[in-house]
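The values are calculated or read from the model by the stated rules, or taken from the named source; none is laboratory data. As the structure is a computational prediction, the values presented were derived from the model and not from experiment. Note that we place each Cβ from the backbone using ideal geometry, even for glycine, and neighbour counts take in every protein chain shown.
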Amino acid sequence: MSAFRAPTRADRAVLAAARFLLAMLAPVWQWQLRRRLARGKESAVSIAQKLVQAPADRPPGPLVWGHAVGVGEAQALVGLFAALAERLPSHHFLVTSSARTSGQALSRGLPPRCLHQFAPIDTPATVARFLEHWHPSLAVWCEMDLWPVLVAQTARRGVPMALVNARVEPSSLPARQRLRPFYAALLRRYDALWAQNDDSAQALVALGAPAQRVRVAATVKALARPLPCDDAELARWRALVGHRPVWLGASTHPGEETLLLAAHERLRRTHPQALLVLAPRLPARGAEVAALAPSVSTRRRSAGETPESSTEVYVADTIGEMGLWYRLAGVAFVGGSVAPVGGHNPFEPLALGCAVLHGADVRNFTESYEALAAEGLALRAGDPAALEAAVAAAWQAGRGETAARWSRAPLRREALALVQALQHMVESGTSA
């Protein structure tokens with residue numbers, strides 16, 4: 001390890017205490033994994049990978065490793081690594097995550113030279129086996145999932161380390177500051193730290209990160225790759241839909257479907273062939289969503305039904321098919337933005353040239369939505385009249401206009417600058 005990030009005496013004491021505690025907790029980890037397996041929340045494969053008992057074969061040559069906790073963060077890393085792979089043709093890429101759902105979501109559609117494994121449990125022996133097997137050339141953490149043994153042992157081996165997409169909500173900072181010695185010991189191990197906004201950058205410094213290593217960058221979710229889609233199924237659906245104008249309610253929550261149905265009723269006065277596809281965030285709500293419009297011709301994906309010429313609303317109540325719906329629709333209302341959820345990812349539709357509409361509550365992506373609005377790529381439309389006008393305008397502009405604007409958007413350029421900085425870290429073996 002370079003002197004640049006060598007631990008202080010206080011750091012060593014904190015990390016030693018964490019290492020001792022987590023070593024003592026190893027039997028608890030294993031008991032918990034067995035309990036989760038019995039409840040269907042783990043599989044034999046996920047447990048074996050978390051214990052590093054049956055890791056995948058390591059590909060030859062240099063390898064970049066990235067870690068995230070959940071589905072959204074893991075998919076963000078995949079987009080980041082896809083862009084990095086274009087610049088590093090001799091490297092392979094490993095994405096680790098903690099949640100079983102992330103493994104399911106990444107089971108298909110990974111870019112070339114990229115593979116997924118579940119992250120090791122945070123005990124000294126397990127982490128050592130993981131790092132001995134994979135020996136990465138660069139380690140990238142996405143957001144704030146900081147496991148002390150994993151961070152400390154990676155740094156001790158001299159692996160360049162970066163933290164990206166870091167976000168610290170101001171409301172959570174006081175509680176985190178009570179653990180400042182712990183955060184400081186970990187954050188000082190990183191060669192470079194990229195925060196999503198100025199507040200988060202200041203919070204990282206307040207928690208002990210060296211100010212000269214902290215900078216602000218666009219979210220890596222702006223590098224989202226187009227979601228996968230079966231080409232034959234897409235061709236079939238395009239034939240079914242024909243020239244009908246289509247719009248999508250993506251990842252909707254209770255209350256939002258009612259709003260979209262009201263807007264759709266207005267749209268059909270001027271666009272009588274319009275088709276609304278509703279994809280609820282929880283597919284199990286399919287029957288509930290379909291029942292919201294008993295007087296409207298509605299069909300459901302989970303029932304194996306396809307739209308007929310008279311179908312006005314189609315409920316897409318299945319998992320893993322958002323790539324299909326975004327390709328069919330020219331415009332999408334991204335849910336969780338009228339319901340008090342904080343908004344969902346706007347970059348998945350944009351990656352496929354799909355214009356983005358949303359409600360008022362986008363606190364999960366505040367900076368992103370503000371930047372997208374400035375470029376005419378996202379529009380707030382929280383009532384039926386506003387939605388009617390926005391959808392009609394998006395249809396008139398066409399998918400090509402959205403795709404062209406997104407390709408030159410500053411937010412995307414800033415994310416690509418982060419890719420370049422990580423490339424420099426890999427090639428130099430040092431900080432960006």
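Going residue by residue through the stretch 72-88, is there one that turns out to be within 24 Å of A222 (Cα to Cα) and assigned to a loop (DSSP other than H, G, I, E, B)? Yes, because at least one residue in the stretch 72-88 is within 24 Å of A222 (Cα to Cα) and assigned to a loop (DSSP other than H, G, I, E, B).
Residues that are at pLDDT below 95 and among the basic types (K, R): does the stretch 160-173 have at least one? Yes; the residues of the stretch 160-173 include at least one that is at pLDDT below 95 and among the basic types (K, R). Candidates R412, R408, R399: the one that is among the basic types (K, R), out of contact with any helix residue (DSSP H, G or I) (no Cβ under 6 Å at 6 or more places or on another chain) and surrounded by 15 or more Cβ atoms within 10 Å (Cβ to Cβ) is R399. Screening Q202 against (1) part of a helix (DSSP H, G or I); (2) over 24 Å from A82 (Cα atoms); (3) of a type outside the set (A, V, I, L, M, F, W, C); (4) touching a residue at least 12 places away in the same chain (Cβ under 8 Å) leaves a single unmet condition, (4). One residue stands out among those in the stretch 171-191 that are part of a loop (DSSP other than H, G, I, E, B) and more than 20 Å from T154 (Cβ to Cβ): the one that is nearest to the chain's Cα centre (by Cα), which is L179.
Looking at the stretch 9-41 only, could you name the residues that are surrounded by 19 or more Cβ atoms within 10 Å (Cβ to Cβ) and among the charged types (D, E, K, R)?
D11
Checking the stretch 234-256 against the condition returns no match, with no residue being part of a helix (DSSP H, G or I), surrounded by fewer than 21 Cβ atoms within 10 Å (Cβ to Cβ), free of Cβ contacts under 8 Å to residues at least 60 places away in the same chain and not assigned by TED's automatic domain parsing to the domain that holds S309. In the condition set (1) at pLDDT below 95; (2) buried (at least 20 other Cβ atoms within 10 Å of the Cβ); (3) within 25 Å of T219 (Cβ to Cβ), I121 is compliant with all but (3). Applying the set (1) farther than 22 Å from E143 by Cβ; (2) in contact with a strand residue (DSSP E or B) (Cβ under 7 Å, 6 or more places away or on another chain); (3) modelled with pLDDT of 95 or more to T402 leaves exactly one unmet item: (3). Would you please list the contacts, defined by Cβ atoms under 7 Å and residues six or more apart or on different chains, that run from a residue in the stretch 351-373 that is under 16 Å from W406 (Cβ atoms) to a residue that is of a type in the set (S, T, Y) and part of a helix (DSSP H, G or I)? Partner pairs satisfying both residue conditions: L352/Y326; G353/T402; C354/Y326; C354/T402; A355/T402; H358/Y369. Scan the stretch 112-132 for residues that are closer than 23 Å to A85 by Cα, aliphatic (A, V, I, L, M) and assigned to a loop (DSSP other than H, G, I, E, B) and jot them down. Within the stretch 112-132, A119 is the sole residue that qualifies. In this structure, L51 does not satisfy being assigned by TED's automatic domain parsing to the domain that holds T123 and either out of contact with any helix residue (DSSP H, G or I) (no Cβ under 9 Å at 6 or more places or on another chain) or under 22 Å from M144 (Cβ atoms) (or both). Filtered by the rule that a residue be part of a loop (DSSP other than H, G, I, E, B) and over 26 Å from the mean Cα position of the chain (by Cα), the stretch 271-300 gives H271, P272, Q273, A274, A291, L292, A293, P294, S295, V296, S297.
Of all residues in the stretch 340-361, which are of a type in the set (V, I, T) and touching a strand residue (DSSP E or B) at 6+ places or on another chain (Cβ under 8 Å)?
Within the stretch 340-361, the first condition is being of a type in the set (V, I, T), and the residues that meet it are 341, 356.
Result: V356, single match.
Every test in (1) in the same structural domain as W325 (by TED's automatic domain parsing); (2) within 23 Å of the chain's Cα centre (by Cα) is passed by L418 save one, and that test is (1). Kindly indicate whether A23 is closer than 21 Å to L422 by Cβ, in a helix (DSSP H, G or I) and aliphatic (A, V, I, L, M). So A23 fails the test.
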